[in-house]
Amino acid sequence: MGHIRLGRLYKSRKWNQVIDLLESDGDASQLTRATLSAAERQLRDLSYDPTIGHVFWLLVRITLGSDVNNRHQTFHAATNPA
């Protein structure tokens, strides 16, 4: 307990900008743009990984399922993909 393995931390200018925005409680849209810019190459490389595709699919389903009025339809679609 208490041990965290973070792996390699990025030290590029773009990732430092993300850290600065996190520390300054910057605007969420600024933080989003900075994070996407910093992760662009990694995201492009991972776009062909089927595991990452499934994770995004699952996150979208969870988000849609959080809508109480649409929950049954969303989870039915998740268990019966087209």
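Every number in this text was worked out from the coordinates using simple rules, so none of it is lab data. The model shown is predicted, which means the values in this text are computed figures rather than measured ones. As a convention, Cβ positions derive from the backbone with ideal geometry for all residues, glycine included, and neighbour counts pool all protein chains shown.
Calculated FRET efficiency, T51 to D27, Cβ-Cβ distance, R0 = 30 Å: about 0.40 to the nearest 0.05. Place a label point 7 angstrom from the Cα of K14 along the Cα-to-Cβ direction, then list the residues of region 44-62 whose backbone nitrogen is under 14 Å away. Once the point is set 7 Å along Cα→Cβ of K14, 44-47 turn out to lie under 14 Å by backbone N, inside region 44-62.
Which net charge results when you count Lys and Arg as +1 and Asp and Glu as -1 among the other residues whose beta-carbon is under 14 Å from that of S37? Let's see the in-between values first.
Details: positive: R13, K14, R33, R41, R44; negative: D20, E40.
Here the count lands on +3.
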